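Comments concern the structure below.
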Amino acid sequence: MNRIYFTVEDLAQTRIVTAKQSVAETLFAMELIRRGTGGAFFGAWHRSIRRRLGTRAHAMAVLARSARLGYELLPPAKGTSEPLELKLTSHWGGDTQLTALVNEFYKVALAPYGKPIHDYLEADRIFRGEVLLNGGVDALFSTLHPCVAWNAPVLEVDAPMGQDIHLEGRGLLIMPSLFLFDRLTVISSPDHPYAPPLLIYPTTLDKASASRIWNTPEASEQALSALVGNTRARILKSLTKSYTTSELGRLIGISAAAASQNTAILRQAGLITTRRKSNEVFHTLTPLGAALVQGQPFGDHQVRLEVESLVAS
C-alpha cells in the first residue's frame, strides 16, 4: 500500500497532466502484451500486434521488464498545461539497447494509433480537471479508481510495492494511462527530490472509445471517402487551415469550378463554413467537419443521416 501524505499546500499544487513522450504508454503496452491481458476492448490491438510482430512481441515485452520510468526533467512549471517528460532507465545498464527496443515496439504498436490515443487521454485529463474544479480533491480521488482511497490528509493507493510518501509542499501530479489497464503506479524520483511524485491511473475504456482508437488512419480515410466521396474527403482533409476555392483546386488537383461545386455541397452539409474577404472566398472546417475528419462519433444519429443525404451524389 502506498500512502501519500498531503499538506494544505500540496492540495493546492495537485495537477492532472499528460506525458510529453510515449515512453510510459509504450512500457505499459509491452507489459500488456507480456501478460496477455487487456480484455475484449484491446482485442483488435492485440491482433494487430501479433500480425505485425508475431512471437517477437512477447519476447520484446519480456526484455523490457528490466525498464523503469523516471523523470527526464523537472515537471512543467506551475500554472501551465505543458506535458511531463519521462525517461527510460534500466536495472542492468543496457540503456542503449533498451531504448532501441522500446522505440521499435512503439513504432509498430503505438505510432499508428498516436493521435486517437493522445486525444483519448487528453479528454480524460480534461474531465478529471473539471471534477477537481467543481468538486475538489474529495470528488477527484473518490472517482479516480477503486484502488484509491482518500482519508484526508492521506491518499492510499493499493499497490504491491508500498511506500510512505510525504509530499511536503511539492504537490502530486496525476496522469491518465490507456495501457496501464488494471493497475496504478506511483513514481517518485530520488534524483529530483524537489519534483512532485507522479500517480498514473488507468482510464476506463468503453466499446465506442476502443473502436475509435483502434480504427487506423487508413481505415478512417476509407470510411470518410465512403461517406462523402473521394473528392470531398480530400477537400475536408486538406482544410488544415483556411483556403480559397482556387487554392483548394490546385491543392487536390481539380478545377476551380469543381472545387466550388464540392465546397457548396460540404457547406450545405454543415461540414465547412465560407467567408468572403475582398474578392476571395475562404473555406474552413466547422467543428462537425473536424469531428468527421478525425473519425469521432456523431452526437446525434440524425446528424449523420442528414450528412449522408446532403453529400450523396
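Since every read-out is calculated from the coordinates, none of them should be taken as a lab result. Keep in mind the model is a prediction, meaning the values are calculated, not measured. In this analysis, Cβ positions are derived from the backbone assuming ideal geometry, glycine residues included, and neighbour counts consider all displayed protein chains.
Computed quantities for the displayed model
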read-out	value
Phe181 long-range amide H proximity, modeled H, under 5 Å	Thr203
Label-point gap, in nm, between Asp182 and Asn215 - each point 7 angstrom along Cα→Cβ	2.8
Nearest-0.05 FRET efficiency for Thr99 and Ala123, computed from C-beta distance (R0 22 Å)	0.15
Residue-span extension gain [Arg275 to Ala44] - 0.36 nm each, minus C-alpha spacing	78.9 nm
Extension reserve of the Ala291-Thr244 stretch, reckoned as 0.36 nm per residue once the Cα distance is removed	14.8 nm
FRET efficiency for Gln261 and Thr284, using Cβ-Cβ distance with R0 set to 22 Å, rounded to 0.05	0.75
Efficiency of FRET from Cβ geometry, Arg65 and Lys107, R₀ 22 Å, rounded to 0.05	0.65
